[in-house]
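A short worksheet on the structure shown next.
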Amino acid sequence: MSEPVIASVDVDRFVLAERLVHRVFAVLTIVCIVTAAILYNGALMMAVGHRHVVETIHVWCGFALPVPLVLGAVSKAYRTDLGILNRFTRADWQWLRSPSRRDGTIPVGKFNAGQKVNSWLVAGSTGVLLGTGVLLYWPDLVRLSWRAGATFVHDWFALGLGLLIVGHVAYAMRDPEARRGMRTGRVSRTWAKAEHEAWADEVTRRRSDDPS
């Protein structure tokens with residue numbers, strides 16, 4: 001009798017600070033991708049014009065990318081989730097290797113292995129793009145051969161990050177409940193149980209232990 005009521009209850013997934021970090025980082029990244037496309041495509045550059053303005057927006061949005069990630073650290077929930085993302089478990093390895101990873105047989109925590117790998121790739125790519133961007137913006141810091149290498153690395157990592165984000169958005173569009181979690185901070189217990197069973201059970205245990 002009580003199971004349908006429990007299944008319909010929403011659970012907290014992301015606090016406001018985490019959602020703001022995600023939104024600001026997403027906006028900055030999209031601006032960087034759009035301005036990069038304009039700068040590297042002659043036809044787009046001719047249509048838009050104002051190359052210096054586009055380049056300035058691209059550079060400073062790129063330099064701003066780490067800012068929301070750093071400021072988010074004031075939130076305990078954000079720091080806790082970073083710790084989860086940085087920890088790979090035996091179940092995560094099983095999840096990656098399994099062709100039926102979404103059938104519920106492998107217990108998944110708050111983040112599945114794919115989300116963890118995605119976060120590592122995004123963070124690593126952002127660091128590389130920031131470092132190479134510094135060398136390109138201040139070319140006198142290093143010799144010519146280093147600048148040429150920085151250009152090559154910057155371009156290919158930008159392309160890789162763009163493709164990674166396209167894949168991330170494609171997956172998100174297939175899961176409206178996951179998008180609701182990032183938009184409102186809450187998800188249904190039914191979804192949590194189906195997609196992140198270990199985390200859903202942990203949330204249930206915390207509620208049971210909470211005397212209030």
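The values are calculated or read from the model by the stated rules, or taken from the named source; none is laboratory data. Owing to the predicted nature of the structure, the values given are computational and were not obtained by experimental measurement. Note that we place each Cβ from the backbone using ideal geometry, even for glycine, and neighbour counts take in every protein chain shown.
Couple of notes before you dig in:
- Flag for G162 being more than 15 Å from Q115 (Cα to Cα) and either in a helix (DSSP H, G or I) or in contact (Cβ under 8 Å) with a residue 24 or more places away in the chain (or both): yes
- Qualifying residue in segment 32-40 (condition: surrounded by 15 or more Cβ atoms within 10 Å (Cβ to Cβ), closer than 28 Å to E197 by Cβ and out of contact with any strand residue (DSSP E or B) (no Cβ under 7 Å at 6 or more places or on another chain)): no
Residue-wise test of (1) surrounded by 14 or more Cβ atoms within 10 Å (Cβ to Cβ); (2) within 20 Å of Y78 (Cα to Cα); (3) not small (G, A, S).
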| position | (1), (2), (3) |
| --- | --- |
| G167 | no, no, no |
| P176 | no, no, yes |
| G185 | yes, yes, no |
| R189 | yes, no, yes |
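- Unmet criterion (only one of (1) surrounded by 16 or more Cβ atoms within 10 Å (Cβ to Cβ); (2) closer than 30 Å to D201 by Cβ; (3) polar (S, T, N, Q)) for T29: (2)
- Some residue of segment 114-125 being among the hydroxyl-bearing types (S, T, Y) and farther than 21 Å from I57 by Cα: yes
- Matching residues, segment 32-69, being in contact with a helix residue (DSSP H, G or I) (Cβ under 7 Å, 6 or more places away or on another chain), aliphatic (A, V, I, L, M), under 30 Å from L82 (Cβ atoms) and assigned to a helix (DSSP H, G or I): I33, A36, I57, V59, A64, L69
- Residues of segment 165-190 that turn out to be assigned to a helix (DSSP H, G or I) and either modelled with pLDDT of 95 or more or within 20 Å of V15 (Cα to Cα) (or both), as a count: 12
- Selection status of G104, surrounded by 18 or more Cβ atoms within 10 Å (Cβ to Cβ), of a type in the set (G, A, S) and not in a helix (DSSP H, G or I): no
- Among the residues of this structure, E18 does not count as one that is of a type in the set (D, E), free of Cβ contacts under 8 Å to residues at least 24 places away in the same chain and in a helix (DSSP H, G or I).
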